[in-house]
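Here is the structure we will look at.
Each reported figure results from applying straightforward, stated rules to the coordinates on display, with no laboratory input. For clarity, every value in this text was computed on a predicted model and none was experimentally measured. Using ideal geometry, Cβ is built from the backbone for each residue, glycine included, and neighbour counts are taken over all protein chains shown.
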Amino acid sequence: MTILVCCADPNLTRRWLEGIEALDSVCCIRDAAEIDSRGGDAAPGIALIDLEAPGIADAGGAAGELCSRWPETSFMFFSARPEAAEGLALLGAGGRGYSNRYIQPALLHRAVELVAMGEVWLGRSLVDHLLRNREKIVPATEIETETKAKASYASLTLREREVARLVANGASNKGVARALGITERTVKAHMSAIFGKTDTRDRLQLGLLARSWPNDTVQMKATGTKVQ
């Protein structure tokens, strides 16, 4: 899998490369125009986009349009000043990640790994903001969808609720498996069922939804699960 890095700042590029140097092949470009100029080249599996790169910063909506033109690529966007509204807009356009452009290399490595597995990555501070201000920043149509999904919580089995609570608190599949004494394959099967029953698409949606779930008698087998 090829990882595309679009950044005009050489110091920032080196910082990002430090985090992803052990991950597959990497191609570095400086502006949005070079993305399309790749022509017949195979589409990158993941693209790290600096929102201040030429062609991205200078054109309204350019970042979101990338997701439409390259649907097979998982785009991760990085901002010097991350904002909840911008992050939501980019995720809504199809982006799979949004974080501070000065993210620590080790954390960037982890973020890219998760996106490669089909997850969504947001910086922790932005996730906390979204959780605190869900009703203020999410369109009414999404809140209506959330209400329907909340009602479906009752259809989850006891084990599915245990898995969902752990995932909502930031646990990886491996962390859930370890906490509950089950295999990762079983966790994945539970997650497929949970997404279907709650009408959510990924861990981010599930985590936001879980904030409004009712308190029940589910006893977690492991407390203190840390956000990855």
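If R0 equals 22 Å, the separation of the Cβ atoms of Thr186 and Arg110 corresponds to a calculated FRET efficiency of about 0.40. Working from label points 7 Å from Cα in the Cα-to-Cβ sense, the Ala80 to Met117 distance is 3.4 nm.
Give, as a single signed number, the net charge of other residues whose beta carbon lies under 13 Å from the beta carbon of Ile194, with Lys and Arg counted +1 and Asp and Glu -1.
+3
One decimal place: the segment Ala33-Ala89 gains 18.0 nm when fully extended, by the rule 0.36 nm per residue minus the C-alpha distance.
Length available on full extension from Ser155 to Ser25: 0.36 nm per residue minus the Cα-Cα distance, which gives 42.5 nm.
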